[in-house]
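Remarks on the structure that follows.
The values are calculated or read from the model by the stated rules, or taken from the named source; none is laboratory data. Nothing here was measured: the structure is a model prediction, and the numbers come from that model. Positions of Cβ are backbone-derived with ideal geometry, glycine not excepted, and every protein chain shown enters the neighbour counts. Ligands, DNA and RNA are excluded from the accessible area calculation, which covers all protein heavy atoms including side chains. Shrake-Rupley method; radii C 1.70, N 1.55, O 1.52, S 1.80 Å.
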Amino acid sequence: MSSADTPKTAKSVFIKTYGCQMNVYDSERMRDVLRPLGYAPVDSPETADLVVLNTCHIREKATEKVYSELGQLKRMKEESGGKMTIAVAGCVAQAEGEEIMRRQPAVDLVLGPQAYHKLPEMIARASRAVGDRLETEFDTLEKFDALPKTREADGPTAFLSVQEGCDKFCTFCVVPYTRGAELSRPVDDITLEARALAAQGVREISLLGQNVNAFHGASPALTNESDWTLGQLVRHLAKIGGIERIRYTTSHPRDMDNDLIAAHGDTPQMQPFLHLPVQSGSDRILKAMNRGHTADEYREIIRKVRESQPDIAMASDFIVGFPGESDEDFEATMQLVRDVNYAIAYSFKYSPRPGTPAAEMFGQVPEEVKDARLQALQKLLREQQIAFNESKIGHTVAVLVTGRGRLEGQAHGRSPWMQAVHFNGPAELTGEIVDVKITGASLNSLSGELVRAREVAL
Ligand code: 5AD
Ligand code: SF4
């Protein structure tokens, strides 16, 4: 299209996403909200009319990145003659809204995670230079209700938000403050969204929530039962034609009920992968973290999950250097890792977050000790991850093809256990589940040869 053909209303938006998958989902939905206003997504901020930073407040590093990015955007805005609109969304916006506007006057709009459906209205107000620049009220249900019911799918995998917020109040975590109280979406809305995604060729949905297995959504249309569990929801969504794979993330050990565990074994769409953060292997630290379970209770959950689905790959999050963590506590974490054997794990140094109880606790651990523990833990986790990936060599694996590979004639996809898989095959297979014989493994991916395209029963 030549520039003469470009509609006068055509504008561009660049959204940069930090942090968790919930933010990735929210960014997609922001694009949906903006599309009817004529905003087309672009890949870089330089010439964008609207730049949105969808931020993460979970650790200090994530927050600082936002301020440095804003410094760069300010210069771009000046070069554009002030035409660029800068919006800060997400959890930093929620936690530090006033401070963002004070520290960086180039910011036009600040909106918390419950407010992005108001983005069009806020942009309109900002362009008229009237009204509030800050929108951080909590009303999750209003947000879910106000979002467009249709979504443009972007490939064969999609996130689907089913729950937001968290009431667990782990003593290190900002999420209950930035995302608010736990709230589940109605089952009927989730079903509509899942059907619409399936109709557009989505084969794998990842049900998302900060505390996804605390899901207790109501379904006035489908049943008169007041609350559904996540296990029920999974079984229900599995009946939608075209949905071949279902995942969910992120779970809390306390909400791992027997029905959800059983669904891993009896629902073929449920993928053999479970991200179940434990944070620490020491009972003393788990108590100080307010996690509400012991290390042995966590081991027992995993035993039951493996009994239900022997092929399951385990994933987790860990924090080292929580206040008061001794060498012995840290060793208990290492022992738990050895006992469970993880396929994938994320590990972090404890980062004190203002306003959380742990930030005020005695016994803050020196940075060098945190560094040494993180290195030791990550070394062990890397060894387990490589060993898991190598254990797939020689096996034929069902791969959902997600697109063209980097090399000519190569396609890539995703294994049931979440690894990226590269293999020789045409990109036209995108959206199909194919058999790939694994011939190579590295820390982050598998490679192999296409055996055959499968018959997919739709
Ligand atoms: N410091 C370090 N890591 C944290 N996480 C959450 N809060 C903190 C913090 N204050 C980690 C937890 C959580 C993951 C999303 O981030 O491991 O599961
Ligand atoms: Fe944060 Fe704990 Fe809630 Fe997870 S369960 S979001 S770590 S408070």
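From the backbone phi of the stretch 177-182, what are the Karplus-calculated ³J(HN,Hα) couplings (6.51 cos²θ - 1.76 cosθ + 1.60, θ = phi - 60°) in whole Hz, Gly and Pro given as x?
3J(HN,Hα) across the stretch 177-182, in whole Hz: 8, 8, 9, x, 5, 4.
Distance in nm between label sites at VAL451 and GLN335, each 7 Å beyond Cα in the beta-carbon direction?
4.1 nm
Report, by chain and number, residues whose modeled amide H sits under 5 Å from the one on GLU135, excluding near sequence neighbours (fewer than 5 apart, same chain).
Excluding prolines and chain starts, which carry no amide H, the hits are VAL110, LEU111, GLY112.
PHE14's amide H: which non-local residues (gap 5+, or another chain) put their own amide H closer than 5 Å, with H modeled 1.01 Å from N in plane and none for Pro or chain starts?
VAL42, LEU50, VAL51, VAL52
Report the full-extension gain for the segment THR294 to ASP257: residue separation times 0.36 nm, less the Cα-Cα distance, to one decimal in nm.
Taking THR294 through ASP257 to full extension adds about 11.7 nm, to one decimal.
Restrict the search to the stretch 160-238; then list the chymotrypsin sites (Phe, Trp or Tyr not before Pro) that DSSP places in a loop and that have at most 16 other Cβ atoms within 10 Å of their Cβ.
PHE169
Carbon and sulfur: what percent of the chain's accessible surface (1.4 Å probe)?
The nonpolar share, carbon plus sulfur, comes to 51 percent.
Compute the signed sum of charges (Lys and Arg +1, Asp and Glu -1) over the other residues within less than 9 Å, Cβ to Cβ, of LEU450.
0
Would you mind calculating the gained length between ALA153 and MET361 on full extension (0.36 nm times residue separation, minus the Cα-Cα distance), in nm to one decimal?
70.4 nm
Enumerate cysteines in the chain without a disulfide-compatible partner, where compatibility requires another Cys Cβ under 4.7 angstrom.
CYS20, CYS56, CYS91, CYS166
State in Å² the accessible area per residue of the chain; use a 1.4 Å probe, count heavy atoms of protein chains only, and round to the nearest integer.
The answer is 44 Å² per residue.
Have a look at the DSSP beta bridges in the chain and tell me what percent are antiparallel, nearest 5.
Antiparallel bridges make up about 35 percent of those DSSP assigns within the chain.
What is the set of long-range amide H partners of PHE159 at a cut-off below 5 Å, with H atoms built 1.01 Å from backbone N?
SER206
Residue-wise, which Karplus ³J(HN,Hα) couplings in Hz belong to the stretch 186-196, taking 6.51 cos²θ - 1.76 cosθ + 1.60, θ = phi - 60°, and x for glycine or proline?
Once rounded to whole Hz, the list reads x, 4, 5, 5, 4, 4, 4, 5, 5, 4, 5.
For the chain, calculate the relative contact order in percent as a whole number, restricting contacts to Cα pairs under 8 Å that are 6 or more residues apart.
9 percent
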